[in-house]
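Q: Sharing a structure, written as structure tokens. Questions coming.
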Amino acid sequence: MSTALTKRIFDKELLSITIDRLCYQLIENHDNFHDAVIVGLQPRGVYLSRRIYQRIKEINPKAELKHGELDISFFRDDFRRREMIVPSSTNMEFIVEDKDVILVDDVLFTGRTIRAGMDALMAFGRPKKVELLVLINRKFSRQLPIAPDYTGQSIDTVTSEKVKVQLQSTDGDDGVWIISSDSKL
Amino acid sequence: MSQQLSVQHLLGIKDLTKEDIELIFNTADNFKDVINRPIKKVPSLRDITVANIFFENSTRTRLSFELAEKRLSADVVNFSASGSSVSKGETLIDTVNNILAMKVDMVVMRHPKPGAAVFLAKHIQANVVNAGDGTHEHPTQALLDAFSIREKLGSVEGKKVVIVGDILHSRVALSNIFCLKKLGAEVMVCGPATLIPRYISELDVKVEHNLLKALEWCDVANMLRIQLERQDIKYFPSLREYSMMYGLNKEILDNLPKEIVVMHPGPINRGVEITSDVADSKQSIILDQVENGVAVRMAVLYLLAQTR
């Protein structure tokens with residue numbers, strides 16, 4: 001992370017303030033989460049969804065929120081069109097029939113992952129409503145008509161740049177970085 | 001962990017690396033999850049057409065492959081030798097090329113001649129999956145057997161597996177030996193001397209002619225079917241005698257010093273290789289093998305499709 005082409009846009013503190021704000025927005029809309037489930041998209045969305053799930057439980061211990069982790073590999077539209085897709089595990093201990101589902105991912109870019117996520121979700125029932133929560137919304141890069149309901153921050157990037165989100169549970173140092181194409185991840 | 005198979009075709013376990021087998025197992029774990037959901041289908045192979053070409057009878061394997069293909073959303077065409085142009089004298093290559101001319105991407109083939117799948121893979125453009133070639137190999141059966149052992153006992157490495165029965169004519173036995181050895185298991189074969197190939201010990205397996213001794217040694221017993229259709233001469237006096245010497249019954253099973261796992265690749269000749277009460281006992285994982293067969297075959301097709 002030391003190259004000059006890397007720009008840090010979130011530090012640890014800002015990240016945790018933002019996650020707190022997203023949690024309060026969810027609480028505002030879903031009360032005690034009686035009919036709501038939060039579903040993180042594998043692989044990187046689950047770290048954010050676990051964090052949000054824990055934080056909501058801390059803020060409101062009576063929240064009836066359920067947490068699931070969804071792998072979308074088999075539903076991608078770029079199978080055989082790019083490098084190998086390695087599936088992760090799916091942990092869904094409930095069905096989503098008639099529930100409000102909050103899909104969680106770290107970065108919203110083209111929207112194709114979310115499309116696949118909605119498809120994968122339907123294997124677990126017909127949800128009443130599906131909402132989308134992302135930490136970073138990359139503007140002007142959508143290839144499908146998809147928009148987030150809850151956003152950590154919207155940022156302007158060019159397509160060749162990458163956005164990297166690190167959360168404590170995996171990588172130690174929390175933060176969000178924009179990385180230009182010349183630098184190595 | 002490697003992320004791509006080292007091969008473009010699944011012709012035999014002999015060509016696979018240990019990493020390939022582990023990749024297939026890890027992918028199959030995901031598919032086992034999928035086929036236990038309310039909606040058992042994923043769209044991964046929706047732009048792929050698979051031809052199931054069976055020159056020899058099959059129920060389980062064929063059904064299992066067809067289900068695996070359908071649950072991956074592939075388009076499926078079925079072909080069996082009876083009632084086809086093969087009986088009019090068409091060659092294998094011509095038959096398959098005609099099917100490929102209809103834009104087929106993958107071929108799953110069973111054939112009575114050893115090496116038929118290898119021959120096919122050299123001459124056509126599609127991915128070939130060997131669903132059994134004569135007495136040579138039956139790779140997906142070996143994969144699902146090892147996958148079932150891994151599921152039941154936690155791992156395959158270090159486990160002792162005895163394969164009982166007609167080793168000479170069994171493609172399941174040969175593929176199983178390759179697969180289990182690659183995963184670090186100890187393998188023994190057991191059967192009458194006439195049904196054990198002469199140089200089998202070259203494959204680094206133990207040979208035992210006494211069933212009881214073999215069972216006392218093992219963690220897992222894989223009981224093979226006696227393949228009367230492949231036996232052109234008599235290899236043992238009678239089925240009754242075979243069953244007395246090499247049949248597994250409840251009494252033998254209950255008197256063993258430890259609880260072993262009983263497997264059978266099917267179809268079972270009840271009362272010959274194993275008795276009904278053994279086949280239906282809680283130590284038997286025969287039906288788990290069938291369930292795992294679909295998941296393992298989905299994994300194989302999914303991974304091969306990505307090498308195209």
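Q: Determine which member of the set A:SER73, A:SER89, A:SER49 is surrounded by fewer than 22 Cβ atoms within 10 Å (Cβ to Cβ) and touching a residue at least 40 places away in the same chain (Cβ under 8 Å).
A: A:SER89
Q: Turning to a different aspect of this structure: Do we have B:ASN130 as farther than 27 Å from B:GLN283 by Cβ, at pLDDT 95 or above and within 19 Å of the chain's Cα centre (by Cα) here?
A: For B:ASN130, the condition - farther than 27 Å from B:GLN283 by Cβ, at pLDDT 95 or above and within 19 Å of the chain's Cα centre (by Cα) - is met.
Q: Moving to a separate point now. From the list A:ARG82, A:ARG44, A:ARG115, exactly one residue is touching a residue at least 12 places away in the same chain (Cβ under 8 Å), basic (Lys, Arg) and within 14 Å of another protein chain (Cβ to nearest Cβ). Which is it?
A: A:ARG115
Q: When you scan segment B:159-166, do you find a residue that is over 16 Å from the mean Cα position of the chain (by Cα), closer than 30 Å to B:LYS234 by Cα and surrounded by fewer than 22 Cβ atoms within 10 Å (Cβ to Cβ), even just one?
A: no
Q: Give me the residue from segment B:235-258 that is basic (Lys, Arg) and touching a helix residue (DSSP H, G or I) at 6+ places or on another chain (Cβ under 9 Å) and, out of that set, nearest to B:SER284 (Cα to Cα).
A: To start, the set of residues in segment B:235-258 that are basic (Lys, Arg) comprises B:240, B:250, B:258.
Still in the list and also touching a helix residue (DSSP H, G or I) at 6+ places or on another chain (Cβ under 9 Å): B:250, B:258.
Numbers: B:LYS250: 11, B:LYS258: 14 Å.
Filtering segment B:235-258 for residues that are basic (Lys, Arg) and touching a helix residue (DSSP H, G or I) at 6+ places or on another chain (Cβ under 9 Å), the one nearest to B:SER284 (Cα to Cα) comes out as B:LYS250.
Q: Quick one: which of B:SER80, B:SER64, B:SER73 is more than 14 Å from chain A (Cβ to nearest Cβ), surrounded by fewer than 17 Cβ atoms within 10 Å (Cβ to Cβ) and not β-branched (Val, Ile, Thr)?
A: From the options B:SER80, B:SER64, B:SER73, the qualifying one is B:SER80.
Q: What do you reckon, is A:ILE19 touching a helix residue (DSSP H, G or I) at 6+ places or on another chain (Cβ under 7 Å) and of a type in the set (Val, Ile, Thr)?
A: Considered against the rule, which asks whether it is touching a helix residue (DSSP H, G or I) at 6+ places or on another chain (Cβ under 7 Å) and of a type in the set (Val, Ile, Thr), A:ILE19 comes out as yes.
Q: Mind checking whether some residue in segment B:18-26 is away from chain A (no Cβ under 14 Å) and free of Cβ contacts under 8 Å to residues at least 40 places away in the same chain?
A: Checked against the condition, which is being away from chain A (no Cβ under 14 Å) and free of Cβ contacts under 8 Å to residues at least 40 places away in the same chain, segment B:18-26 yields no hits at all.
Q: Condition check: of a type in the set (A, V, I, L, M), in contact with a His (Cβ under 6 Å, 6 or more places away or on another chain) and more than 16 Å from B:ALA51 (Cβ to Cβ). Does B:VAL172 satisfy that?
A: yes
Q: Quick check on B:ILE48: is it touching a strand residue (DSSP E or B) at 6+ places or on another chain (Cβ under 7 Å) and facing chain A (nearest Cβ under 9 Å)?
A: Yes; evaluated as a whole, the condition is true for this residue.
The values are calculated or read from the model by the stated rules, or taken from the named source; none is laboratory data. It should be emphasised that the depicted structure is a prediction, and the values quoted were computed from it without experimental measurement. Methodologically, a virtual Cβ is constructed for each residue, glycine included, from the backbone with ideal geometry; neighbour enumeration extends over all protein chains shown.
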